[in-house]
Structure formats: C-alpha cells, structure tokens
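First the structure, in the form of structure tokens, and then the observations on it.
Only the coordinates and a few stated rules stand behind these numbers; no lab work does. This structure is a prediction, so every number in the text was calculated from the model and none was measured. A quick note on method: Cβ atoms are made from the backbone with ideal geometry, for glycine too, and the neighbour counts reach across all protein chains shown.
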C-alpha cells in the first residue's frame, strides 16, 4: 500500500489566495490484472488551506506506488484522499493521464471540495 507517512507539510507561506499545481510526468504503478507496469502523468491542483505538501515528500509518496497493483481509478482516488487528508486544502483536483495500452488512453479526474469552474474540467 502507498506510504502516507512519507507525506510532509509546511505552513502555507501567504494569506493571499494561491493556486498550486504539481505535475509528475514519471508516475508508475502496476496493473493488478496483468502485472505489467502502468505509466502516467499525475497532475495535482489545489488551493491550500493552512498547509502545503512538501515536494520531496510528494515525490517519495508517488514512488511508493511503483510496485503497487492498483487500478487507474483507485490510484487517482487514493492520491486525492491522501493529499486532502494531510493538507486539508480548500479544494483539490487530481488528474491522471495514462499512456495508451491496446489503443486506449485513459484520463481520470478526482476532486475534493468545490473546484472553481475555470479548473473543473482539468
């Protein structure tokens, strides 16, 4: 199971509204049916509350999925839930884009809180 204890936060450094976007272009997990690796891009967008996620810890957390047999939808939901739980953002959106397999590409979007309309389609 991915290791949430790797996630560290720091106090949001400003009172001004912020939109933060982190993109991981080298995300990997494992297909639970075939055991083959899945490759994708994870985009995390959020408006922080009192805290932000520290980037090195986010990288290590993402890497903890590397040998995990998990479906695309479950990956996306899990990342959203874990980050929402540790940061308590005003809103968060996680978008995963998976490389094609068998001619099919997949894109999964998971949100928490009210995402502003400008970001609601990812």
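Points worth noting:
- Cα-only radius of gyration and Dmax that characterise segment 4-117, units Å: 14.3, 47
- Directionally averaged shadow of segment 13-72, computed from the convex hull of its alpha-carbon atoms, nm²: 4.5 nm²
- Compared with the dominant principal axis of the Cα atoms in the chain, helix 72-87 is inclined by about 20°.
- Average Cα contact separation per residue, segment 12-53, under 8 Å, 6 or more apart, as relative contact order %: 48 percent
- Stokes-Einstein diffusion coefficient of segment 48-109, Kirkwood radius over Cα pairs, 4 °C, 1.567 mPa s, in µm²/s: 100 µm²/s
- Sites residue 90 and residue 1, calculated FRET efficiency, Cβ-Cβ separation with R0 25 Å, nearest 0.05: 0.35
- Take every pair of alpha-carbon atoms less than 8 Å apart whose residues are at least six positions apart; their mean separation over the length of the chain yields a relative contact order of 28 percent.
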